[in-house]
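Peer 1: If you scroll down you'll find the structure; I have some questions about it.
The values are calculated or read from the model by the stated rules, or taken from the named source; none is laboratory data. Since the structure is predicted, the reported quantities are computational estimates derived from the model, not experimental observations. In this analysis, Cβ positions are derived from the backbone assuming ideal geometry, glycine residues included, and neighbour counts consider all displayed protein chains.
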Amino acid sequence: MNTADQYLKAVFLVQQIEDGPASTGALADRLGVSPASANEMIGKLADRGLLDHEKYKGATLTDDGETRARDALATYCVLERFLANVLDVEDYREEAGQLEAVIDETVADRLDMIIEREPDCPNCFDAERDACAHLVEELGEAEAEAGD
Amino acid sequence: MSVAPRVDSDGQLARLLQIGIVLEEVVEARAYQHYQRLPAEERDERIEALLAGAREESAEHRERLEALEADLDGDAEPAVDVADLVREHYSRTDPEDFDGVLYDQLNGEETAYKFYDDLIDAIEASDARFGIDRDALLATLRDIRAAEAEGVEAVAELMESPQTEADT
């Protein structure tokens with residue numbers, strides 16, 4: 001997934017978590033980059049009409065930006081589910097985050113042939129939990145959290 | 001996480017090799033399913049030879065990736081066998097005819113090529129010291145990538161050529 005798509009996906013998720021524009025700081029934290037780098041990329045994406053940026057408030061995806069963000073999120077969901085269900089990776093969130101930059105959408109489409117992704121993907125992605133809500137349920141993580 | 005397409009550790013490299021192994025297994029298993037299920041009227045010696053060749057080549061690539069993974073991590077568990085998963089999901093995604101089978105094969109080879117190309121770039125972009133020899137790793141991956149490129153050409157040629165008399 002290219003860098004622009006990773007940013008768009010992050011804006012999409014931070015907007016959900018913050019219930020409003022995605023702040024540069026929150027994006028930088030989520031992506032593991034410096035605020036200066038995040039700011040620079042936000043400017044580029046705004047120039048391309050993929051998001052609107054309001055100083056001191058943050059970034060909001062345009063319709064085109066949201067479409068691309070949803071596609072990127074679906075690719076990410078394939079990767080998380082593949083790691084969790086096929087390779088039995090316990091820390092699938094962290095590994096998916098590390099690998100997403102190297103995995104192209106065409107590769108994810110191929111991996112998608114052997115996993116059980118839900119038809120409502122990526123709407124079922126839980127931004128707070130950073131995973132598909134169905135996957136969290138299947139893995140019994142929700143119960144584990146409730147029991148803590 | 002990292003937004004840069006770069007392999008930074010043995011763990012990431014091992015995981016990417018596992019993904020390559022699975023991609024090869026998917027090509028291998030789907031070629032077998034195609035071969036088994038292609039309707040009699042769509043059968044063609046050339047496509048059967050192509051699918052048999054694709055299976056052999058994917059098996060060889062898989063073994064080379066498994067050897068790299070084993071060298072990287074002596075305790076690595078055997079790669080998962082995805083043949084059952086492919087079989088389970090095949091009916092949902094099976095191509096219906098000669099053209100569909102070739103298109104799926106082309107897609108599999110192109111995807112594998114893209115995967116190795118990105119993986120090679122990501123290794124070259126990294127300064128990390130891996131538990132296996134970097135030159136040997138890159139040589140193997142470049143070799144496999146070249147074979148995938150040849151595979152793409154072979155399928156494309158077959159798609160462009162007229163069908164044999166037996167099919168017409």
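Peer 1: Being out of contact with any Ser or Thr (no Cβ under 9 Å at 6 or more places or on another chain), under 21 Å from B:Pro5 (Cα atoms) and modelled with pLDDT under 95 is true for just one of B:Arg129, B:Arg87. Which residue is that? Quick ask: steps written out before the conclusion?
Peer 2: Working: B:Arg87 fails: under 21 Å from B:Pro5 (Cα atoms).
The match here is B:Arg129.
Peer 1: In addition: Which of the residues spanning the stretch A:85-130 are assigned to a loop (DSSP other than H, G, I, E, B) and in contact with a Leu (Cβ under 7 Å, 6 or more places away or on another chain)?
Peer 2: From the stretch A:85-130, those assigned to a loop (DSSP other than H, G, I, E, B) are A:87-91, A:100-104, A:115-124, A:127-130; that's our starting set.
Scanning the stretch A:85-130 gives A:Val89, A:Glu100, A:Val102, A:Ile103, A:Pro122, A:Ala127.
Peer 1: Output yes when any residue across the stretch A:115-131 is within 13 Å of another protein chain (Cβ to nearest Cβ), over 19 Å from A:Tyr7 (Cα atoms), surrounded by 14 or more Cβ atoms within 10 Å (Cβ to Cβ) and at pLDDT 90 or above, and no when none is. Let's see the steps before the verdict.
Peer 2: Residues of the stretch A:115-131 that are within 13 Å of another protein chain (Cβ to nearest Cβ), as a first pass: A:115-117, A:119, A:130.
In the following step, the residues that additionally are over 19 Å from A:Tyr7 (Cα atoms) were identified as A:115-117, A:119.
This time we only want the ones that are surrounded by 14 or more Cβ atoms within 10 Å (Cβ to Cβ), so: A:115, A:117.
Then drop every residue that is not at pLDDT 90 or above, which leaves none.
No, the stretch A:115-131 has no match at all.
Peer 1: Is it true that B:Glu88 is out of contact with any Asp or Glu (no Cβ under 6 Å at 6 or more places or on another chain), acidic (Asp, Glu), within 14 Å of chain A (Cβ to nearest Cβ) and assigned to a helix (DSSP H, G or I)?
Peer 2: Numbers: out of contact with any Asp or Glu (no Cβ under 6 Å at 6 or more places or on another chain): yes; acidic (Asp, Glu): yes; within 14 Å of chain A (Cβ to nearest Cβ): yes; assigned to a helix (DSSP H, G or I): yes.
It is true that B:Glu88 is out of contact with any Asp or Glu (no Cβ under 6 Å at 6 or more places or on another chain), acidic (Asp, Glu), within 14 Å of chain A (Cβ to nearest Cβ) and assigned to a helix (DSSP H, G or I).
Peer 1: Still on this structure, I have one more. Quick check, is A:Val78 in a helix (DSSP H, G or I) and without any contact (Cβ under 8 Å) to a residue 40 or more places away in the chain? Let's see the steps before the verdict.
Peer 2: Details: in a helix (DSSP H, G or I): yes; without any contact (Cβ under 8 Å) to a residue 40 or more places away in the chain: yes.
Yes, satisfied.
Peer 1: If I go through the stretch A:86-96 residue by residue, how many of them are surrounded by fewer than 21 Cβ atoms within 10 Å (Cβ to Cβ) and facing chain B (nearest Cβ under 9 Å)?
Peer 2: 6
Peer 1: Sticking with this one: With the checklist (1) within 14 Å of chain B (Cβ to nearest Cβ); (2) of a type in the set (A, V, I, L, M); (3) in contact with a Phe, Trp or Tyr (Cβ under 6 Å, 6 or more places away or on another chain) in hand, flag the one item A:Ala69 doesn't pass.
Peer 2: Going through the list (1) within 14 Å of chain B (Cβ to nearest Cβ); (2) of a type in the set (A, V, I, L, M); (3) in contact with a Phe, Trp or Tyr (Cβ under 6 Å, 6 or more places away or on another chain), A:Ala69 breaks only (1).
Peer 1: Determine which single condition B:Glu56 fails, assuming it passes every other condition in (1) in contact with a helix residue (DSSP H, G or I) (Cβ under 6 Å, 6 or more places away or on another chain); (2) surrounded by fewer than 18 Cβ atoms within 10 Å (Cβ to Cβ); (3) of a type outside the set (A, V, I, L, M); (4) closer than 29 Å to B:Met159 by Cα.
Peer 2: Only one criterion is unmet by B:Glu56, namely (1).
Peer 1: Further question on the same structure: Exactly one condition in (1) over 16 Å from the mean Cα position of the chain (by Cα); (2) buried (at least 21 other Cβ atoms within 10 Å of the Cβ) is false for A:Leu83; which is it?
Peer 2: (1)
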